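Enquirer: Right, I'll just put the structure down here and ask away after.
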Amino acid sequence: MPLGMPVSRHCILVLRDGRIVVDWGSRRYQDVLTGDFLTCSEGEVSHTAQDEDLEPLRRSGLVADFDASQVYLYALPEPPRETLQ
């Protein structure tokens, strides 16, 4: 098995502006390149990431590997958490 955290391929999306993101559900997305968390509408999603979208990320070291069902991501930042006061 490849190194990295496996994420179902259908959760890796390309936005209309070209950013590749992980769909964590509840309209919460994370940019694979920057690790930034985004809130997007479904209208901002272009398509599910294809091999040609993921290959440059693999070559640049941002994605460990991918196959037909999984994308293996290196560690992404954790979502911000509210602190107790």
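Enquirer: Can you find, within the range 58-72, the residue that is modelled with the highest pLDDT among those that are of a type in the set (Ser, Thr, Tyr) and farther than 12 Å from residue 10 by Cα?
Expert: Top of the filtered list is 72.
Enquirer: Take the range 18-47 and flag every residue that is more than 12 Å from residue 77 (Cβ to Cβ) and of a type in the set (Val, Ile, Thr).
Expert: Across the range 18-47, the qualifying residues are 20, 21, 39, 45.
Enquirer: Taking the conditions exactly as written (touching a residue at least 12 places away in the same chain (Cβ under 8 Å) and touching a Cys at 6+ places or on another chain (Cβ under 6 Å)), does residue 29 satisfy them or not?
Expert: yes
The values are calculated or read from the model by the stated rules, or taken from the named source; none is laboratory data. If you're wondering where the values come from, they're calculated on a predicted model, not measured in any experiment. So basically every Cβ, Gly included, is an ideal-geometry build from the backbone, and we count neighbours across all protein chains shown.
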